[in-house]
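Structure record follows, encoded as structure tokens.
The values are calculated or read from the model by the stated rules, or taken from the named source; none is laboratory data. In this text the structure is predicted, and so the values were computed from the model without any measurement. Cβ placement follows ideal geometry from the backbone for every residue including glycine, while neighbour counts extend to all protein chains displayed. Side chains are part of the model used for accessible areas, which takes the heavy atoms of the whole protein and leaves out ligands, DNA and RNA. Shrake-Rupley method; radii C 1.70, N 1.55, O 1.52, S 1.80 Å.
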Amino acid sequence: MTDWTRVADEGDVTEGEPFPTEIDGVEIALYRMEGDILAMGDICTHEHVRLSTGWFEDGRIECPLHQSCFEVRTGKCVPGGPAWQDVPVYAVKIKDGEIYVKASS
Ligand code: FES
């Protein structure tokens, strides 16, 4: 996974609603926040649960299973829940109204 992958149209991602997608088996969620489109790993670091099925508020996604929270812009795990590891974030670019994510390190 070294190249940019088209994952959605820009209009698919709305404020306040996670947009789950996948690149080569890697689960990712897109978020629209403060005018930016962000891409973050969509699997909780506590157990294998898609974070995008949780609650997104104030820039954080809350895991639906045990309520760990992650900062969507940085992937940082917020202390207080059972998860302690961050989730990855990915580079995003928008070209001609289409969203591309680079899901490589
Ligand atoms: S599975 Fe996410 S906090 Fe437990």
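The one condition from (1) near the ligand (Cβ under 10 Å from one of its atoms); (2) touching a Ser or Thr at 6+ places or on another chain (Cβ under 6 Å); (3) more than 14 Å from PRO20 (Cβ to Cβ) that CYS69 does not meet is (2). Among the residues making up region 44-61, those that are near the ligand (Cβ under 9 Å from one of its atoms) and surrounded by 14 or more Cβ atoms within 10 Å (Cβ to Cβ) are CYS44, THR45, HIS46, VAL49, LEU51, GLY54.
Annotation note: Cβ proximity below 7 Å between a residue of region 68-90 that is open to solvent by 30 Å² or more (accessible area, probe 1.4 Å) and part of a loop (DSSP other than H, G, I, E, B) and a residue that is within 15 Å of the ligand (Cβ to nearest atom) and among the small types (Gly, Ala, Ser) (sequence gap 6+ or interchain) occurs for PRO82/SER68; ASP86/GLY75; PRO88/GLY41; PRO88/GLY75. Of the residues PRO64, PRO20, PRO88, the single one that is closer than 17 Å to ALA103 by Cα, touching a Ser or Thr at 6+ places or on another chain (Cβ under 6 Å) and within 16 Å of the ligand (Cβ to nearest atom) is PRO20.
Taking first residues from region 20-37 that are farther than 19 Å from TRP55 by Cα and partners that are crowded, with 19+ Cβ neighbours inside 10 Å and modelled with pLDDT under 95, the Cβ contacts under 9 Å between residues at least 6 apart in sequence or on separate chains come to ILE23/ALA103; ASP24/ALA103; VAL26/ALA103. Entry remark, region 33-43: residues being open to solvent by 10 Å² or more (accessible area, probe 1.4 Å) and within 12 Å of the ligand (Cβ to nearest atom) number 1 in total.
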